[in-house]
Amino acid sequence: MTKKTLRRQEIYDWIAERTIQNGKVLDIGCGDGELLAQLVQERQVHGTGIEIDEDCVVRAVQRGLSVHHGNVEEGLDHYADKSFDLVIMSLTIQEIKDPLHVLQETARVGKKAIVVFPNFAHWRSRWQLALAGRAPVSGTLPHKWYNSPNLHFCSVLDWEEFCRENDWKCLDRGFLAAGHPIRWLPNLRAEVAMYFMEKQ
Amino acid sequence: MNEISDRYPGLGLTQTQHVRLCPEGMPLDTQVTFGPIDVAYETYGRLNDNKDNAILVCHALSGGAHAAGWMEGASQPGWWDNMIGPGKAFDTDKYFVICANVLGGCYGTTGPASIDPETGKPYGLRFPVVTVSDMVNVQARLLDHLGVEELLTVTGGSMGGMLALQWAVSYPKRVRSVIAIATTYRHSPQQIAFNELTRQSIMADPGWNNGDYYGGEGPRLGLAVARMTGHITYLSDKGMELKFGRRLRAREKYGFDFSKEFEVETYLQHQGKSFVNRFDANSMLYLTKALDYFDLSDNHQDLTEAFKGCQDSLFLLVAFSSDWLYPAQQLKDIARAVRRAGGDATYYEINSDYGHDAFLLDYEKQAPLVQSFLHRVATTEIPRQPG
């Protein structure tokens, strides 16, 4: 079991580099608005978030953000087609009940999307499952089986397959382990996968 | 000086002011022209030189212009004193806060209990039926009188929230933001039903006498029962359980009679009786009717279209989890319509056991939110359309 906690700043920077200046951005599962606040500051975006946790919503509003307090499905339904230049799901998708529907809605309300998810096929997870015979617990998957908010587990390969089958064109991709970029064997070595995409 | 600020903390003593507007009359939604209209209002803080720090606070059904500060000798401050004052959410050191009694009310603004200049007697049922939109139009005339062209925000809970939303739709160019709390964009059949119960309680009382009771007792019992109904809808099942349980008042055992013995009965009867001394029954009829007619999507294809003109206004919509009179879903519907219309809305649902009353009681959760939102509004540049 690793004690390393997930480093979010590298993810945020990767997203910020791909965020259009002055754009309209929706962050699904925005938490306390840390990422959106960075995008507002660095990219002068008009940032909106969806978040279910009450305390997080308050903190996000205190950062000067516009937020919907509620679940993702309901929040997305509130927006007209192509309302956003960019829709972000940063470490959210694994916790969503119906990812397929949410991704379809993402394609409807957004022109482009960035999805960041924990790579379930990281070698440490494989090790824990295959050799130790235990459900993986790591920096990106820090929970036990009984208290994990994660409902869906997918790997880099799973994601690539999903994108092919559902006509999502990958504009750019990035992989991280312990905050450092991974260039080869991402499905084995990446803790976090980041995809910049566009629906075709 | 210190004695006064000790006795009257916050804004200290405040005064209600009066102005006569629309001497030639104002066209109402019913096509009737009505006037002159006296308006009772209070202001707190100072309008700055740019005239861009004005906030209009709209009161709920039984409220009035006295939103904050103290009346001489009063034991309670104004109805939203915990939100308005120096250093509070609506910070009177920064903002110029205005609150006016609505058209049809009974706290100083012209209503059915006011004297009809034509007859020299109270209007009673000769008072015209008014709508939320009419109330807002009168407030707009008041702002003209005060030299306030644009509002930093217009806010209110319950009926006040409806006025705030109506403001955004009627005068989008004058409204930079809206804070609407525990409210709706239209009265649902259930809300109309409760209002009808209120009205029937009043009208069934012989003391009502077709609205012609001024100088006499009036429908005291009917109004009290009406208020009891209201109070049930302001609480929640869980809130009542916590507040009263099945506790008896002044008794150890059941009396097996019809005297008031449960604490909840005592509470409701007290609320009913004390209300009779402070509210006009005809005003209750007119105001509840105005709420029942309220539907922002009227004259529009749908609610989204109603908000099409409000793209430059920021919305903060606050709901309470246990409010069943104005359920959270109605505020979500507003958020959806504003967003679908291309506008900016923040929606926040406060977890509370207080039911509809939470909008006045749970101020500690609302205050930081309102404060941050106002800061954002004040620092957001408005994209001005050319021309």
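The values are calculated or read from the model by the stated rules, or taken from the named source; none is laboratory data. Computed from a predicted model, the values in this text were never measured in an experiment. Methodologically, a virtual Cβ is constructed for each residue, glycine included, from the backbone with ideal geometry; neighbour enumeration extends over all protein chains shown.
Could you check how many residues of segment A:20-41 are surrounded by 24 or more Cβ atoms within 10 Å (Cβ to Cβ) and outside any helix (DSSP H, G or I)? The number of residues fulfilling the criteria is 6. Listed by first and then second residue, the pairs with beta-carbon distance under 9 Å, at least 6 apart or on different chains, first residue in segment A:39-53 and touching a residue at least 24 places away in the same chain (Cβ under 8 Å), second in a loop (DSSP other than H, G, I, E, B) and among the basic types (Lys, Arg), are A:VAL40/A:ARG63. Residue-level check: of (1) surrounded by fewer than 19 Cβ atoms within 10 Å (Cβ to Cβ); (2) within 16 Å of the chain's Cα centre (by Cα), A:LEU131 misses just (2).
Kindly indicate whether any position in segment A:146-166 is touching a residue at least 60 places away in the same chain (Cβ under 8 Å) and within 19 Å of the chain's Cα centre (by Cα).
yes
The residues of segment B:303-339 that are touching a Phe, Trp or Tyr at 6+ places or on another chain (Cβ under 7 Å), farther than 29 Å from B:LEU242 by Cβ and of a type in the set (Lys, Arg) amount to a single one, B:ARG339. If only residues of segment A:59-73 that are facing chain B (nearest Cβ under 7 Å) and surrounded by fewer than 19 Cβ atoms within 10 Å (Cβ to Cβ) are counted, the one that is nearest to A:GLY110 (Cα to Cα) is A:GLY64.
Hey, does segment A:46-64 have a residue that's assigned to a loop (DSSP other than H, G, I, E, B), modelled with pLDDT of 95 or more and touching a strand residue (DSSP E or B) at 6+ places or on another chain (Cβ under 6 Å)? No; the residues of segment A:46-64 include none that is assigned to a loop (DSSP other than H, G, I, E, B), modelled with pLDDT of 95 or more and touching a strand residue (DSSP E or B) at 6+ places or on another chain (Cβ under 6 Å).
Please enumerate the residues belonging to segment A:101-128 that are surrounded by fewer than 16 Cβ atoms within 10 Å (Cβ to Cβ) and modelled with pLDDT of 95 or more. The answer is A:HIS101, A:GLN104.
Take A:GLN44 and decide whether it is in contact with a Pro (Cβ under 8 Å, 6 or more places away or on another chain) and either within 13 Å of chain B (Cβ to nearest Cβ) or surrounded by 20 or more Cβ atoms within 10 Å (Cβ to Cβ) (or both).
Judged against the criteria, A:GLN44 is not a match.
In a residue-by-residue description of segment A:15-26, the property of being within 15 Å of the chain's Cα centre (by Cα), under 24 Å from B:VAL377 (Cα atoms), within 14 Å of chain B (Cβ to nearest Cβ) and not charged (D, E, K, R) applies to at least one position. The number of residues in segment A:115-145 being more than 17 Å from A:GLY29 (Cβ to Cβ), part of a loop (DSSP other than H, G, I, E, B) and in contact (Cβ under 8 Å) with a residue 24 or more places away in the chain comes to 7. Here is a check on your reading of the model: is A:SER148 modelled with pLDDT of 90 or more and either out of contact with any helix residue (DSSP H, G or I) (no Cβ under 8 Å at 6 or more places or on another chain) or surrounded by 18 or more Cβ atoms within 10 Å (Cβ to Cβ) (or both)? The answer is no for A:SER148.
Inside segment A:151-175, can you point out the residues that are at pLDDT 95 or above and in a loop (DSSP other than H, G, I, E, B)? Across segment A:151-175, the qualifying residues are A:SER155, A:ASN166, A:ASP167. Within segment A:83-97, if we keep just the residues that are assigned to a loop (DSSP other than H, G, I, E, B) and in contact with a strand residue (DSSP E or B) (Cβ under 6 Å, 6 or more places away or on another chain), the residue that is nearest to B:ARG339 (Cα to Cα) turns out to be A:THR92.
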